[in-house]
Amino acid sequence: MNDGIELRPPQRADGMAVHRLIAQCPPLDPNSSYCNFLQCGHFAATSVAAERDGELVGFISGYRRPDAPQTLFIWQVAVSEAARGCGLASRMLHHIVDRHEDLTHMETTITPDNQASWALFERFAERREAPVEAAVWLDRERHFEGLHDSEELVCIGPFGALARN
Ligand SMILES: CC(C)(COP(=O)(O)OP(=O)(O)OC[C@H]1O[C@@H](n2cnc3c(N)ncnc32)[C@H](O)[C@@H]1OP(=O)(O)O)[C@@H](O)C(=O)NCCC(=O)NCCS
């Protein structure tokens, strides 16, 4: 794609830029800058940074679930306002998965009213020909003590399963 945006694994030096980008992308929860440095270091292989003219315009943090290593858990997806609506988030998701031949599933959590996020992951599942299941995982009252919207766990996979049916 010729939009001048380069995708690559993040590096430790990206930590502060990631921290600023997340802060500019509500409703994402900001984490400590230390956490963002860990994402850019220890979790670089399963994360992605998108850069245009030296500026970070997109970031996804992800990791392999420790108890299910072929499942990529996507933690946060952030695209700067100026870069939205051009397929960047989709491109970043596929970019991470394409870097790892052994991944079979993707999981993430989404709040019920985040339409952009639902559209992003449903579209991803369609393109990977994978079934999707969703159910409340962290409940507003029971888990967040009323302080945060419920988070639904979205399970996508196995990749390609619908093509085989
Ligand atoms: C959600 C977000 C990452 C989407 O980034 P993006 O680069 O604009 O997304 P894409 O262009 O790749 O769009 C992917 C799909 O979602 C759809 N979509 C994107 N934004 C949408 C919106 N606001 N409402 C409905 N659908 C939307 C697109 O139409 C596309 O579907 P299509 O291929 O069928 O057309 C971006 O809006 C963002 O950073 N939001 C704030 C943070 C956030 O909510 N992150 C997600 C939670 S982890």
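The values are calculated or read from the model by the stated rules, or taken from the named source; none is laboratory data. This structure is a prediction, so every number in the text was calculated from the model and none was measured. Counting neighbours? That spans all protein chains shown, and the Cβs are built from the backbone with ideal geometry, glycine included. Surface areas here come from the heavy atoms of the whole protein model, side chains and all, with no ligands, DNA or RNA. Shrake-Rupley method; radii C 1.70, N 1.55, O 1.52, S 1.80 Å.
Below, the figures for the structure above:
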{"item": "Unit charges on C-beta of K, R, D, E only; dipole of the chain, Debye", "result": "380 debye"}
{"item": "Net dipole in debye of region 45-115 [+1 Lys, Arg Cβ; -1 Asp, Glu Cβ; about Cα centre; nearest 20]", "result": "40 debye"}
{"item": "Difference of contour (0.36 nm per residue) and Cα-Cα distance, GLU133 to TYR34", "result": "32.4 nm"}
{"item": "Residues in region 89-130 reached by a label modelled at ASP3 [backbone nitrogen below 18 Å; 7 Å Cα→Cβ]", "result": "89-98, 116-125, 127"}
{"item": "Qualifying GluC sites (Glu not before Pro) in region 86-165, DSSP loop, other Cβ atoms within 10 Å at most 13", "result": "GLU101, GLU141, GLU145"}
{"item": "Unit charges on C-beta of K, R, D, E only; dipole of region 94-165, Debye", "result": "280 debye"}
{"item": "Residue-averaged 222 nm ellipticity for the chain, from DSSP H runs of 4+ at -39500 (n - 2.57), nearest 500", "result": "-8000 deg cm²/dmol"}
{"item": "Relative contact order %, the chain, counting alpha carbon pairs below 8 Å whose residues are six or more apart", "result": "17 percent"}
{"item": "Principal semi-axes in Å for the chain [√(5λ), Cα gyration tensor, largest first]", "result": "23, 21, 16"}
{"item": "Length gained when the stretch HIS95-ARG65 is fully extended (0.36 nm per residue, less Cα-Cα span)", "result": "9.0 nm"}
{"item": "Charge context of LEU28, other residues only, Cβ under 15 angstrom, K/R +1, D/E -1", "result": "-3"}
{"item": "Pairwise centroid distance, computed over Cα atoms, of region 54-88 with region 14-29, Å", "result": "12 Å"}
{"item": "Accessible area expressed per residue, the chain, with surrounding protein chains retained (probe 1.4 Å, Å²)", "result": "56 Å²"}
